[in-house]
1. Please tell me if ILE171 is part of a helix (DSSP H, G or I) and either modelled with pLDDT of 90 or more or surrounded by 13 or more Cβ atoms within 10 Å (Cβ to Cβ) (or both).
2. Taking the stretch 62-104, which residues are within 17 Å of the chain's Cα centre (by Cα) and in a loop (DSSP other than H, G, I, E, B)?
3. Out of the residues in the stretch 120-139 that are of a type in the set (Gly, Ala, Ser) and not in a strand (DSSP E or B), which is surrounded by the fewest Cβ atoms within 10 Å (Cβ to Cβ)?
4. Can we say THR123 is of a type outside the set (Lys, Arg), at pLDDT below 95 and under 17 Å from the mean Cα position of the chain (by Cα)?
5. In the stretch 2-57, what residues are assigned to a loop (DSSP other than H, G, I, E, B), crowded, with 17+ Cβ neighbours inside 10 Å and hydrophobic (A, V, I, L, M, F, W, C)?
6. Do any residues in the stretch 158-175 that are within 26 Å of GLU197 (Cα to Cα) have Cβ atoms under 8 Å from those of residues that are of a type in the set (Ser, Thr, Tyr) and surrounded by 13 or more Cβ atoms within 10 Å (Cβ to Cβ), where the two are at least six apart or on different chains, and which pairs are they?
7. Somewhere in the stretch 105-119, is a residue outside the structural domain of CYS147 (by TED's automatic domain parsing), in a helix (DSSP H, G or I) and farther than 15 Å from GLY38 by Cα?
Amino acid sequence: MIVAEQKPLNEIKTMIADAERVLLVGCGTCVTVCFAGGTKEVDLLATSLRMSTKLDGNGKVVDEFTVQRQCEWEYNEPLKEKLDDYDLVVSLGCGVGVQTLNEQFPQKQFVPGLNTAFMGLPTEQGVWEERCAACGNCILDKTGGICPIARCAKQLLNGPCGGSQNGVCEIESDVPCAWQLIWERANDLGQIDRLMELQPAKDWRTSRDGGPRKIVREDLRLVAHEEE
């Protein structure tokens, strides 16, 4: 899932400083799961902003609303009737959600209330860790299901660097060496021979380095056109 965390209150207050009426919009999917932008977080932030701006002598109207999924236009349609009542909208969705809202409703300004961090999973209560960098060319079949792009600090494809000691990465004592994990996993699967195959330098054109990416499924587009 996409993992995000809420921006500091003072930063959000700066973004809404020139507005009198503000709407906070949460998202009911990824950022709800990581407790950053769901209904509960939207309500708490709205309360904090109302109290804080009032104490500052510039009290604002701050209302809240949550949609199921900000990254899809159809789920944002209920917002259409509300936007005229507000000077500014703060999105508590991921960066895709913020941009979706700006494209869908260009007459209104949407600003981010969250910092989008990475794609990851909860490893324990209150802890989320990165697992995928969306590089566009998955090699998990070769590395025992452990991603060296997301989990190796140097994104190495052919084994660990000299900084790896006793299974620990040199960047932090609590960060395991990704290649130690890969080796142990390959050993458990009886697939050490796969690690002996030299991997070529990564082609970053499938990643963000190749510019904005797009996937087109012509079969789905054809079905959609036939239904129109």
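1. no
2. GLN68, ARG69, GLN70, CYS71, GLU72, GLY93, CYS94, listed by residue number.
3. The selected residue is GLY126.
4. Yes: the conditions hold for THR123.
5. ILE16, ALA19, CYS34, ALA36
6. Going by the 8 Å Cβ cut-off, the qualifying pairs are GLU170/SER164.
7. Looking for residues that are outside the structural domain of CYS147 (by TED's automatic domain parsing), in a helix (DSSP H, G or I) and farther than 15 Å from GLY38 by Cα, one finds none in the stretch 105-119, hence no.
The values are calculated or read from the model by the stated rules, or taken from the named source; none is laboratory data. Being a predicted model, the structure only gives us computed values, none of them experimental. Backbone-built Cβ (ideal geometry, glycine too); neighbour counts: all protein chains shown.
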